[in-house]
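Working notes, beginning with the structure itself.
The values are calculated or read from the model by the stated rules, or taken from the named source; none is laboratory data. For clarity, every value in this text was computed on a predicted model and none was experimentally measured. As a convention, Cβ positions derive from the backbone with ideal geometry for all residues, glycine included, and neighbour counts pool all protein chains shown. Each accessible area value is taken on the protein alone, full model and side chains, heavy atoms only, with ligands, DNA and RNA left out. Shrake-Rupley method; radii C 1.70, N 1.55, O 1.52, S 1.80 Å.
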Amino acid sequence: MKIQTTHCNLTIPRLNDACRQRLRKLRESMGLSRPKFADLLGIPPTTLKNYELNYREIGGGALLLIAQHPELSTHFIWLVTGQGNEPVKLEASK
């Protein structure tokens, strides 16, 4: 028998929404398009789009890819918790 709680039902969507917003902010701070960022993670661009637009929850597998990626792992704690320093937006090349 599966027991659901109101607290759990309300908390998970809020956490996912905050994480998806930070994921998009991370991508934009790196100056990458969705297809380029998705390629960096090794996921289809449509999957990344679905994460960012909240059509699909960000799963543990995607978070593990970020945690283990040499360029993205430094942002992992901020991405999942919102704690720590946000990624700094890169200046456009002249």
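Listed by first and then second residue, the pairs linking a residue in the range 69-80 that is within 12 Å of L23 (Cα to Cα) to a residue that is among the polar types (S, T, N, Q), with Cβ atoms under 7 Å apart and 6 or more places separating them unless they lie on different chains, are I77/Q83; W78/N85.
Considering the range 32-47 alone, what residues qualify as being among the basic types (K, R) and in contact with an Asp or Glu (Cβ under 9 Å, 6 or more places away or on another chain)? Selection gives R34 alone.
Could you go through the range 58-68 and let me know if any residue there is at pLDDT 95 or above, open to solvent by less than 30 Å² (accessible area, probe 1.4 Å) and small (G, A, S). Checking the range 58-68: not a single residue is at pLDDT 95 or above, open to solvent by less than 30 Å² (accessible area, probe 1.4 Å) and small (G, A, S).
Please enumerate the residues belonging to the range 25-53 that are in contact (Cβ under 8 Å) with a residue 40 or more places away in the chain and part of a loop (DSSP other than H, G, I, E, B). Answer for the range 25-53, where residues must be in contact (Cβ under 8 Å) with a residue 40 or more places away in the chain and part of a loop (DSSP other than H, G, I, E, B): M30, G31.
When we screen L15, L32, L23 for residues that are modelled with pLDDT under 90 and of a type in the set (A, V, I, L, M), the only hit is L15.
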